[in-house]
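The values are calculated or read from the model by the stated rules, or taken from the named source; none is laboratory data. Since this is a predicted model, take the numbers as computed values, not measurements. A quick note on method: Cβ atoms are made from the backbone with ideal geometry, for glycine too, and the neighbour counts reach across all protein chains shown. For the accessible areas, the whole protein counts, side chains as well, though only heavy atoms, and no ligand, DNA or RNA atoms are used. Shrake-Rupley method; radii C 1.70, N 1.55, O 1.52, S 1.80 Å.
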Amino acid sequence: MVGDFKGRLLGPAQRLAWKHATGRSYPPPAGPEKMAVVVHSFDGYKRFWPPMVFFTAQAFGSSIPVVYMTETIPMVPEGRIVRTGSGGFGSRLLTGLEALVSEFEYVFYLQEDMWLTEAVDRSTLDGFVETMDRHRLDCLKLGWGSFWPDDRDKIDSSTELLPGDEAFRWFGPNRYALSHHCSIFRTRFLLDATRLAVTLRVENPLEQEVLVSNALSSKMKAANGDGGEVRVAVWDAQPPVGYVHGGENGRLTDEGRALLEQRGVLSLWDDSLPGEVFPDAR
């Protein structure tokens, strides 16, 4: 497991097995992963953490590094944890991305209430990375909530499919070019977008999405032959990653409760955990 990745030692039995198998005392350093899953939250939503950790582990297993990004309280007892300190959404995200940008070219961004409903295997993840590399994408939208649903027909009629990757099309100058829902970002792109919003003192996530999307609108690539500088792609026929939005304003959604019940893990939800309902009221 690339796992918690750097610096984690094998146990004595594992080291001995590796030595017998390879003649080396330790495995060679793993090559840098191009992408990590980033689960971003804040301490006031910790009642969402047990379900989030469960569904993330169910979806990815050990196929990809997972980084848990929180304020001061770790979301998991062990693993890769980035503490951002307290503050507004944008400032916390900026701090976290600054800690990752030199390590991962891409981040598969999720928040604590985005619960994946199906496994995403390594070959699928590698395929997403290859698509992003091939088309030099800044963002690949994978989920149903990664754009305004009412805009689907407009997106389809105003943009072209990616050549060789016809499961995706260019996003064009449509609403929510930047959406925090279930997307893979070039880490530097998301960092720069977040820095722009924070510099303009826009901390709220929805307001950040609107601000950055409006700023990028005239630069969005819509067709294979145009000169659009910002390269965002969106799924065409159906979202390749299924998820349920488990929370709304700090409360468990009906869809989230149904998913917990269906999987037999409703006990992971604990309303008695202290937390905030409206984080913007800080």
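General observations
- Counted without the sites themselves, the longest stretch of the chain free of GluC sites (Glu not before Pro) in a DSSP loop having at most 12 other beta carbon atoms within 10 Å is 119-228.
- When you filter the trypsin sites (Lys or Arg not before Pro) in region 147-244 for DSSP loop state and at most 12 other Cβ atoms inside 10 Å of their Cβ, you are left with ARG201.
- Neighbours of GLY228, meaning other residues whose beta-carbon lies under 9 angstrom from its beta-carbon, give a summed charge of +1 when Lys and Arg score +1 and Asp and Glu score -1.
- Residues whose amide H lies under 5 Å from that of ILE81, counting only those 5 or more places away or on a different chain, are TYR68; hydrogens are built 1.01 Å from N in the peptide plane.
- Charge sum, other residues only, whose C-beta stays under 13 Å from THR95's C-beta, Lys/Arg counted +1 and Asp/Glu -1: 0
- Answer label, with Rg and Dmax of the Cα atoms in Å calculated from the coordinates and candidates [x] 26.7, 85; [y] 19.6, 65; [z] 19.5, 60: [z]
- Lysine pair number, Cα distance threshold 23 Å (strictly under), the chain, separation 8 or more or different chains: 8
- Take every Cα pair under 8 Å whose residues are at least 6 apart in sequence, average their separation, divide by the length of region 64-136, and the relative contact order is 18 percent.
- Here the contact order of the chain, divided by its residue count and restricted to Cα pairs under 8 Å and six or more residues apart, works out to 22 percent.
- A full extension of the chain between ASP270 and GLU248 corresponds to an added length of 6.4 nm, given 0.36 nm per residue minus the alpha carbon distance.
- Rounded to the nearest 500, the 222 nm mean residue ellipticity of the chain from helices alone is -10000 deg cm²/dmol, with -39,500 (n - 2.57) taken per DSSP H run of at least 4 residues.
- Each DSSP beta bridge with both residues in the chain is either parallel or antiparallel, and the antiparallel ones are about 50%.
- Local electrostatic count, VAL198, Cβ distance below 12 Å [Lys/Arg +1, Asp/Glu -1]: -1
- Within the accessible area of the chain (1.4 Å probe), percent carbon and sulfur: 53 percent
- Cα→Cβ-extended label distance, 7 Å offset, between THR117 and VAL101, nm: 3.6 nm
- Per residue, in Å², the accessible surface of the chain once ligands and nucleic acids are set aside, probe 1.4 Å: 48 Å²
- Cα centre as origin, Lys/Arg/Asp/Glu Cβ charges: region 115-221 dipole, Debye: 420 debye
- Using 0.36 nm per residue and subtracting the Cα-Cα separation, the extra length available between THR199 and GLU130 on full extension is 21.6 nm.
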